[in-house]
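K.L.:
My structure is below; once you've seen it, I'll send some questions.
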Amino acid sequence: MKLVVMIFAVFVLGASLCGLEPAYARGAGENSVINATNGDDVIVVEDAGGGSTTITINGSETTITNPTALLTINGLAGNDTITIVSLAGLQSGTGFGASFVFDGGPDMDSASTGSDLLIADDTGDDDVAPDEFFRLLQTESIDIGHTIVAGPEIRLDGDVMISGTPAVLSAESVSVTGSLDGLGAGVLNVVGDLSLAENVGSVSPFDSLSVSGETVAGQDVDLIRTRGNQDFDKPLDLANDTTIVSAGVDGVLRNGRLSFAGIKAADRNVVFGSQGTIRFLGGGPQIPRLFDFGRMQLNANSFSMNANVLLRMDAIEDTAINAPTRIGASARIRIEQQGGGDLVFLDSLTRNSGSPHHIALVNQDGDVEFNGNVAVGQLTIEEGSGAGSVRINASRIETVRAGANNGRMMIDPPITLLNDITFASSNGELRINGDIDSAGFFITFETSDTSSSLNGQITAEFSKQGPGDFRVTSTGNRIDGVNFVNEGRLLVDGEFLGPASKASPVRAGGFPDGTLVVESEGVLGGNGVLDVLVGVFGTVNPGDGVGVLTIETAEFIEGSLVIDINGEGAGTGFDQLVVTEAISLDDTALEIQGSLLARGRGAGTEFIIVDNQSPSPVTGTFLDLPEGAFVVPGQPLQITYVGGDGNDIALFGDRLFADEFEGPDND
């Protein structure tokens, strides 16, 4: 049977009505008037077979007056077509006041509606009575071209086709037991919950499909296809592996929008495809919308996640997001990757402007891989319960400040690089707690604040950029090639070792592999150990305040050594640079600062500011500070390059009372 109708379906009425005395209108095209005088009456219009029966409400063919009962049309022998030309329009006061059932019978006739249909109460308003419904039973096909409004249910027992006229099905629940197709140009808007038994748009894609309520797709649904937009305003429940695409019957993707407000597809594989935008719409601040998959594959021109979203995958296969991904304003996105499969971002992951954005990747068993650049308000990659790691093929991962809040990047599991990379934090926090396997690629740490750190272990060639601090707390780190502190402070509280092979080639600039170069705008500090050559064009300032910094070989080409002196005791009262192999000074300034210069000290105090642990003497002197020179104008503090055990750089004075000493200086 072919039914073209815009429809709301409820349950099928059973044979319990058989005990009522029915009123009949027989014959194709027969004019008749049936008066339903009792609300318990059953009105049956039987097709005589071989022709067609046309029902026109308030028309000239078959007129039903005061239709307050159930109207049942039984298609009997023959493959007939029953056309419902009009069961009243949607205007107030003209609604069909009874429930409607069309039963195609054993021959599975076709049915269609040619105009709008309103199943409404008989009081003349637009409200739908709670016990009124629309059901099409045992139909071979149903063609819907208009609007059907019913009460609790619209039930369509057949393959439903939507013709060129936009179709609206409005009921508490709409169920389709067959397939749902758009005849190449159909537009379907379901107002209420939708239940699907078979594929959508498998023969002829819709132009667009929208559902305002929850959608349940049964075991026989593995394809939902429109060539235009799909909008699901409430969760979509998938019982089978499903492909959801904007595409033609040829499979070529179209420029349609796919929009979802939650998907329930645990243990299912779901493939999304569009040349347009795919949107996952989030929930409120406290309750995220769940998008639950076994595995997800997404291909689109763009992909966005807005508001509060929980994206969960649990499969051994990889999950690939092949689209530039954007995080909406104020969005909080949590991605849980379980089951051992990898989560791969094949394109960029960025944010919209506005309030802070937070994306948390919970790496349980599989790996997380970035193949495109990342720029979000907050990025957290959490250590999972399994052995998953993070692989990065992007050229830049950045957290940025949004509004008055700081960006934050937290990476806990191990990281494997697939490309040169910049880890950047703009007025925020960058904290890398997992080990980094650079695989020979170059790393840039770019910071603009004081809250960023590397707590994992790396073997890499790197540079420090940006005016902020970057602190290294881990031990066992190795540096290859020539590394740079271009700007800001690199605070080493852990350890840097040189290359495993000491036969290091000389690079451009005359530096061998395993060198750290402090450029003119850079500062090296901290309380750790650098068992490498450090070439200094900028500043070395041990500690972070007062501390002890150990360097294998310190080669000061120019720049300065800054020493804080607040009291006695190396590392507790004053800064100290420890050199284990060699130190050379060339056009290097010595700057003394700290509270010592503002208060007195006892006579005979010696401050060993450079502890030269090699047997060799210091090469060169500080700028304008020969042996015995006074270091600070107006202070009785002198320098020696043979202090300590004979080859240390020390400051000494007979009387250290700043308020009494007036000269001399080195001029």
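The values are calculated or read from the model by the stated rules, or taken from the named source; none is laboratory data. Bear in mind that the values here come from a model prediction, so they are computed numbers and not experimental data. Neighbour counts are summed over all protein chains in view; Cβ atoms, including those assigned to glycine, are modelled from backbone coordinates with ideal geometry. Surface accessibility is based on the protein's heavy atoms, side chains included, excluding ligands, DNA and RNA. Shrake-Rupley method; radii C 1.70, N 1.55, O 1.52, S 1.80 Å.
K.L.:
Taking a point 7 angstrom from the Cα of THR475 along the C-beta vector, which residues in the stretch 518-556 have backbone N less than 15 Å away?
P.N.:
Inside the label zone: 527-531, 550.
K.L.:
Starting from the Cα of ASN240, move 7 Å in the Cα-to-Cβ direction to define the label point; list residues of the stretch 168-182 whose amide nitrogen is under 16 Å from there.
P.N.:
176-181
K.L.:
Using the basic label-point model (7 angstrom from Cα toward the beta carbon), what is the SER595 to GLN613 distance in nanometres?
P.N.:
Simple spin-label model gives 3.0 nm for this pair.
K.L.:
If you take the square roots of the eigenvalues of the alpha-carbon gyration tensor of the stretch 403-505 and sort them as a ≥ b ≥ c, do you get rounded (a/c under 1.5), prolate (a/b over b/c) or oblate?
P.N.:
prolate
K.L.:
So how much slack lies between ASN427 and LEU623, counting 0.36 nm per residue of separation and subtracting their Cα-Cα distance, in nm?
P.N.:
Residue separation times 0.36 nm, minus the Cα-Cα distance, leaves 66.9 nm.
K.L.:
Please list the non-local residues whose amide H lies under 5 Å from the amide H of GLU153, H modeled 1.01 Å from N, same-chain partners needing a gap of 5 or more.
P.N.:
Residues meeting the criterion, in which the H sits 1.01 Å from N, are VAL10, PHE134, GLU172, SER173.
K.L.:
Here's something else I'd like to know. What are the ³J(HN,Hα) couplings of the stretch 541-556, residue after residue, when phi is run through the Karplus curve with 6.51, -1.76, 1.60 and θ = phi - 60°? Round to Hz, x for glycine and proline.
P.N.:
9, x, x, 9, x, 10, x, 10, 10, 10, 10, 5, 9, 10, 10, 8
K.L.:
Just grab the label-to-label distance for ASP586 and VAL642, each label 7 Å out from Cα along the Cβ direction, in nm (one decimal).
P.N.:
Placing both labels 7 Å along Cα→Cβ, they lie 2.5 nm apart.
K.L.:
Give me, ordered by chain and number, the residues 5 or more places off THR450 or on other chains with an amide H under 5 Å from its own placed amide H.
P.N.:
ASP469
K.L.:
Once you put a point 7 Å from the Cα of ALA439 and another 7 Å from the Cα of ALA360, both along the Cβ direction, what distance in nm separates them?
P.N.:
That separation, rounded to one decimal, is 2.9 nm.
K.L.:
Work out, step by step, the length gained on full extension between SER520 and LEU290: first 0.36 nm times the residue separation, then minus their alpha carbon distance; give nm to one decimal.
P.N.:
Length gained between SER520 and LEU290: 77.7 nm.
K.L.:
Rounded to the nearest 10 Å², what accessible area does LYS264 have for a 1.4 Å probe in the complete protein model?
P.N.:
Number for this one is 100 Å².
K.L.:
Given the Cα-Cα distance of GLU568 and GLU606 and 0.36 nm per residue of separation, how much length would full extension add, in nm? Numbers along the way, then the final one.
P.N.:
Numbers: separation 38, 0.36 × 38 = 13.68 nm, distance 0.86 nm.
This chain segment gains 12.8 nm when fully extended.
K.L.:
Skipping prolines and chain starts, which residues have an amide H placed within reach, meaning under 5 Å, of the one on VAL492, given they are 5 or more residues away or on another chain?
P.N.:
Under 5 Å from the amide H of VAL492: VAL472, GLY525, GLY526, ASN527, GLY528.
K.L.:
Using R₀ = 41 Å, calculate the FRET efficiency as 1/(1 + (r/R₀)^6) where r is the Cβ-Cβ separation of THR450 and ALA266; round to 0.05.
P.N.:
The computed FRET efficiency comes out at 0.40.
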